[in-house]
Amino acid sequence: MGIRPLAREEYDALPKDIKGIYDKLGPGLIGIHYTLKKFPPTTQEVYDEYRKFYELWKKNKAKAYWKYSKAFFSNKLRGKVPSK
């Protein structure tokens, strides 16, 4: 879970706090945007979710990964996550 690997231009376009989260967590296997109830989410919704994930991650890493993995698989089963 976490932020997917980004191209340099995409990284440079991130808000400063999101860059800090990216730098701290590194890229993940599943993009957080796939865990949101609404797909595709707006850019602001994705940034807000990065912040929520990071706050939970700082308190309890296992819980953060469990919660977001569960949301991803739930969305995947309901067909809300594209295959590619």
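Only the coordinates and a few stated rules stand behind these numbers; no lab work does. The structure displayed is predicted, hence computed values, not measured ones. When we count neighbours, we look across all protein chains shown, and the Cβ atoms used for this are built from the backbone with ideal geometry, even at glycine.
Determine, yes or no, whether residue 11 is in contact with a helix residue (DSSP H, G or I) (Cβ under 6 Å, 6 or more places away or on another chain) and not hydrophobic (A, V, I, L, M, F, W, C). Considered against the rule, which asks whether it is in contact with a helix residue (DSSP H, G or I) (Cβ under 6 Å, 6 or more places away or on another chain) and not hydrophobic (A, V, I, L, M, F, W, C), residue 11 comes out as no.
Residues are listed down the side, and each one gets a yes or a no for (1) more than 17 Å from residue 63 (Cα to Cα); (2) assigned to a helix (DSSP H, G or I); (3) of a type in the set (Lys, Arg); (4) in contact (Cβ under 8 Å) with a residue 40 or more places away in the chain:
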position: 6; (1), (2), (3), (4): yes, no, no, no
position: 12; (1), (2), (3), (4): yes, yes, no, no
position: 18; (1), (2), (3), (4): yes, yes, no, no
position: 21; (1), (2), (3), (4): yes, yes, no, no
position: 38; (1), (2), (3), (4): yes, no, yes, no
position: 41; (1), (2), (3), (4): yes, no, no, no
position: 44; (1), (2), (3), (4): yes, yes, no, no
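Filtering the range 27-81 to residues that are within 18 Å of residue 5 (Cβ to Cβ), of a type outside the set (A, V, I, L, M, F, W, C) and loosely packed, with under 14 Cβ neighbours inside 10 Å leaves 27, 43. From the list 34, 47, 68, the one residue that fits, being of a type in the set (Ser, Thr, Tyr) and in contact with a Gly (Cβ under 9 Å, 6 or more places away or on another chain), is 68.
With respect to the conditions (1) of a type outside the set (Phe, Trp, Tyr); (2) surrounded by 16 or more Cβ atoms within 10 Å (Cβ to Cβ); (3) under 11 Å from the mean Cα position of the chain (by Cα), residue 14 falls short on a single one, namely (3).
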